[in-house]
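These notes are about the structure you will find just below.
The values are calculated or read from the model by the stated rules, or taken from the named source; none is laboratory data. Treat the numbers as computed from the prediction; the structure is a model and nothing was measured. In this analysis, Cβ positions are derived from the backbone assuming ideal geometry, glycine residues included, and neighbour counts consider all displayed protein chains. Each accessible area value is taken on the protein alone, full model and side chains, heavy atoms only, with ligands, DNA and RNA left out. Shrake-Rupley method; radii C 1.70, N 1.55, O 1.52, S 1.80 Å.
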Amino acid sequence: MLNRRITFARVPQGLPVPEDFSRDAVDTVRPAAGQFLSKTLWLSLDPYLRNVMKGHALYGVPLKPGDPMHGETVAQVVESLHPQFSVGDFVVAKNGWQQYAVSDGQGVRKVDPEVAPLSTALGVLGMPGLTGYAGLIYLGEPKPGETVLVSAATGPVGSTVGQVARLVGARAIGIAGSQAKCRYAVEELGFEACVNYRDGDLRALLKQACPAGVDVYFDNVGGDVLAAALGNLALHARVVLCGMIGAYSLDAPPPGPFLGPVVAARATIRGLVVYDHFHRLGEMRRVIGKWIRDGRFKYREDVTEGLENAPEAFCRLMRGENFGKALVRVAPGE
Ligand SMILES: NC(=O)c1ccc[n+]([C@@H]2O[C@H](COP(=O)([O-])OP(=O)(O)OC[C@H]3O[C@@H](n4cnc5c(N)ncnc54)[C@H](OP(=O)(O)O)[C@@H]3O)[C@@H](O)[C@H]2O)c1
């Protein structure tokens, strides 16, 4: 039995083109004891694959030219020497871009076609749905009445975010790339509004759509879209960095800090304004004061003599030439 496959041919330059893939057909591998063979029914195409094609390792192994492309699939077991999987079972498995694959069952889960159409196991009831649901509920922590903004609003992640937001009583606002997508977000998905980022100054458009600011921003795009959303945050907003599809096809990260590693590290970015913490001043002085007295804490001052030298001292500071806390001794002898 032949197994037709789409393989990785080369690293794309910018946006992927069909020539970055090859096709071949090989003999289908038969299952050994403890394995099963499944026939791919549905293949999920996910943005992260563009990064895999750049050489980012997936499951610890980078893709080599000639390898079948990675991908999550819904498949049906057609031959089984595995005690837990029987012929006819429907499974979600990482078969990749090929008609058949052998599996030992690791990371494979069964799906019941009676519960929902099989394809949904790769979308709304699968990994992307979970991304939107868990990311919004557990990282975004939306509250009733708050404004939740999400980019790539009509994709599987974004549409989940918007609808979960609405269902927990928040105001869902989308960002999408066409009028048709925006109409769909509002008319079908129940977003309160959706902004087309091709319609002009996105930051200003978001200000109109979110007059009280954005309480939760769920970012799927990065770059200019992220920047525009960050310009509209409400006090104590939460920003969930989920994906940066806008950068996946770029050879180099866009100018400015590249926030991709924040996603990989599951890091949290939070804003700080010291004035919110002034009630801790006494505590800080006690703790650090003691450390200084005990010789366990050092500090350094960069002292300029005379008020008349303050401007130049300030300019030195702004040129980065101070070394220590910049101070001006205004009264000699102090
Ligand atoms: N952190 C995680 O664990 C995790 C898991 C799953 C997915 N993700 C991320 O979530 C995001 C959405 O994924 P998805 O599966 O729901 O896919 P998706 O929304 O269908 O992704 C494709 C969409 O992204 C939008 N987009 C914006 N800028 C783009 C650009 N420069 N190039 C191409 N598309 C662009 C387009 O919609 P518009 O026309 O509306 O802009 C496009 O239709 C992706 O960034 C993905 O990597 C992260």
- Query: Can you tell which of 119, 313, 265 lies farthest toward the positive end of the dipole of the chain, using +1 and -1 charges on the Cβ of basic and acidic side chains (Lys, Arg; Asp, Glu)?
  - Reply: 313
- Item | Table column - 3J(HN,Hα) (Hz), the range 192-198, Karplus curve with 6.51, -1.76, 1.60, x for Gly and Pro | 6, 7, 8, 9, 8, 6, 8
- Tally Lys/Arg at +1 and Asp/Glu at -1 over every other residue whose Cβ is under 15 Å from the Cβ of residue 246; what's the total? 0
- Query: Using modelled amide H (1.01 Å from N, peptide plane; none on Pro or chain starts), what sits under 5 Å from the amide H of residue 89, excluding residues fewer than 5 places away?
  - Reply: 77
- Accessible surface, 1.4 Å probe, highest first, among residues 48, 248: 48, 248
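Lys and Arg at +1, Asp and Glu at -1: add these up for the other residues within a Cβ distance under 13 Å of residue 135 and post the number. Working shown, then result.
Details: positive: 238, 266; negative: 141, 219.
Net local charge, residue 135 excluded: 0.
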- Task: Would you mind working out the magnitude of the charge dipole of the range 1-54 relative to its Cα centre, with +1 at each Lys and Arg C-beta and -1 at each Asp and Glu C-beta, to the nearest 20 Debye?
- Result: 80 debye
- Report the net charge of residues surrounding residue 163, where surrounding means a beta-carbon distance below 14 angstrom and charges are Lys +1, Arg +1, Asp -1, Glu -1. -1
- Inter-site label distance for residue 287 and residue 309 at 7 Å from Cα along Cβ, in nm: 3.6 nm
- In sequence order, what are the phi-derived ³J(HN,Hα) couplings for the range 285-298 according to the Karplus relation 6.51 cos²θ - 1.76 cosθ + 1.60 with θ = phi - 60°, rounded to whole Hz, with x for glycine and proline? 5, 4, 5, 6, x, 5, 4, 5, 4, 7, x, 9, 9, 10
- Message: Rounded to the nearest 5, what % of DSSP beta bridges with both residues in the chain are antiparallel?
- Response: 55 percent
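Quick one: ranking 217, 100 by accessible area, 1.4 Å probe, largest first, what do you get? Working shown, then result.
Values: 217 0, 100 35 Å².
Of 217, 100, the descending order of accessible area is 100, 217.
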- Task: Across the chain, how many lysine pairs, 8 or more positions apart or on different chains, have C-alpha atoms separated by under 27 Å? Please give the number.
- Result: 13
- Message: Starting from a Cα-only point model with no solvent, please compute log10 I(q)/I(0) by Debye for the range 106-217 at q = 0.18, 0.19, 0.21, 0.23 1/Å.
- Response: -0.85, -0.92, -1.06, -1.21
- Item | J(HN,Hα) series, the range 75-90, from Karplus relation 6.51 cos²θ - 1.76 cosθ + 1.60, nearest Hz, glycine and proline x | 9, 10, 5, 10, 7, 9, 10, 10, x, 9, 10, 10, 4, x, 4, 9
- Message: Order 74-81, 275-282, 228-235, 251-258 from most to least packed using the mean count of other Cβ atoms within 10 Å.
- Response: 74-81, 228-235, 251-258, 275-282
- Message: Give me, ordered by chain and number, the residues 5 or more places off residue 239 or on other chains with an amide H under 5 Å from its own placed amide H.
- Response: 217
- Note on the structure: Per the charge dipole of the range 1-139 (beta-carbon charges, Lys/Arg positive, Asp/Glu negative, Cα centre), the residue among 65, 134, 90 reaching farthest to the positive end is 65
- Query: How far is helix 156-167 tilted, in degrees, relative to the longest principal axis of the Cα atoms in the chain, given as a value from 0 to 90 rounded to the nearest 10?
  - Reply: 70 degrees
- Note on the structure: Using alpha carbon positions and the Kirkwood radius, the Rg to Rh ratio of the range 42-137 is 0.98
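Once you have the Cα-Cα distance between residue 76 and residue 130, take 0.36 nm times their residue separation minus that, and quote the gain in nm to one decimal. Before the final figure, lay out the partial values.
Working: separation 54, 0.36 × 54 = 19.44 nm, distance 2.27 nm.
Gain on extension, residue 76 to residue 130, equals 17.2 nm.
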- Item | Dipole magnitude (debye, nearest 20) for the chain, charges at Cβ of Lys, Arg, Asp, Glu | 660 debye
- Item | Estimated [θ] at 222 nm from DSSP helical runs (n ≥ 4, -39500 (n - 2.57)) normalised by residues in the chain, nearest 500 | -6500 deg cm²/dmol
- Note on the structure: The set of residues whose placed amide H lies less than 5 Å from the amide H of residue 304, leaving out same-chain residues fewer than 5 positions away, is 327, 328, 329
- Item | the chain - Cys residues lacking any other Cys C-beta under 4.7 Å | 210, 242, 315
